[in-house]
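Beneath this line is the structure, given in structure tokens, with notes to follow.
The values are calculated or read from the model by the stated rules, or taken from the named source; none is laboratory data. Every value quoted in this text rests on a predicted model; they were computed, and no experiment measured them. Cβ coordinates were reconstructed from backbone atoms using ideal geometry, including for glycine residues, and neighbour counts include every protein chain displayed. The accessibility values were calculated without ligands, DNA or RNA, using every heavy atom of the protein model including side chains. Shrake-Rupley method; radii C 1.70, N 1.55, O 1.52, S 1.80 Å.
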Amino acid sequence: MIDSPTNISPKSSNLKKWAICHLAVPWCDPFHSNSSSDKKRMAYAPSPLPRIILLDGGISTHLESKLLQSTKAKSNTEINADAISPVFSHRELWSSSLLLTPDGQDAIISCHDDFFEAGSDVASTVTYQCHYGACEFSDEKVDRMLRDGVKLAKASVEKFSTKHERDEEKIIRKCSDRFVAASIGCYGASLADGSEYDGKYRTIHTEISQLDSLEQFHERKTLVLLEQYPDSIAYETIPCLVECEAILSLWKRMKKESNLPSELLQYPMVWMSFACRDGAHLNDETKLTTLLKRLDELDPDASIIHGIGVNCCSFAHSE
């Protein structure tokens, strides 16, 4: 899976910035905004934040490339470029497979390190493809993998901060201003059948509604990741309107009914990135204008979703 650059921005912000080799994440500056919703969104962000922060991009691609090079160097043999990744042990988990072994976890930290050294402000956890039911693993094992994903990213933040705490060249962007985004993939990614590219989910519970089923799919992962206190929760590559609605419904219910401490649910910034077929539609053919109107209906005061964006789509559709 190759991630394309992503533009994450507050729903009512007009900022649009791009960064070469990184994902540009524009946040609205509340001191220079006339929008009350922008200010509310910014209130939930970890502070202090630069106006533009950089999110690592294509982390699985970078991991695969590094490990292929290492494998080739150790074996002194050519790697079959057409094979399904020889460095990720479980196709269903993709790069999340690396969470299963000490060597894999070391590779993940090294990858996070690379992005921080290159100028990234945010490490996204290698948990996008970490789904319950994959490879017949127990739910408890997947829980551990999700927790480890956040812990590894935090370890890289601490490592970078310690290494550069007195580095005058980096004083403009404090080393402590590095963040962890807990990545959650869409339902289609768990199916490994390409349905995240059309948003038409062909395998889903029939005894309950599609919205309720998708809400259940995201609930346990969200709660497990929240308990690790990441700086943000990132729902990525959402290809259809109903999954967006399910995530919003989940958060509304959690805030109302959950036994979790209220400060835990209010702490992280939450964003959604959408997979688009062109410059005007999600992969399921929902118009982006329809999506935005629905977001404003379900979350009018920006108390749940603090940023939106796009990913896994062509640069040609970014304008």
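In terms of its C-alpha gyration tensor, the range 200-276 has an oblate overall shape, because the principal axis ratio a/c (a ≥ b ≥ c, square roots of the eigenvalues) is not below 1.5 and a/b does not outweigh b/c. Its Cα centre serving as origin, the range 107-163 has a Cβ charge dipole (Lys and Arg +1, Asp and Glu -1) of approximately 160 debye. The alpha carbons of the range 214-319 give a radius of gyration and a Dmax of 14.0, 45 Å, in that order.
Largest first, the residues SER183, SER89, SER110 sort by 1.4 Å accessible area into SER89, SER110, SER183. Computed about the Cα centre, the dipole magnitude for the range 179-319 is approximately 80 debye when only Lys and Arg (+1) and Asp and Glu (-1) carry charge, each at its Cβ. With a Förster radius of 30 Å applied to the beta-carbon distance between LEU264 and LYS141, the computed FRET efficiency rounds to 0.80. Among the trypsin sites (Lys or Arg not before Pro) found in the range 138-168, those both in a DSSP coil and sparsely packed, with 15 or fewer other Cβ atoms within 10 Å of their Cβ, are ARG166. Taking amide hydrogens as placed 1.01 Å from N in the peptide plane, the amide H of SER124 sits under 5 Å from those of ASP56, ALA181, each at least 5 positions away in sequence or on another chain.
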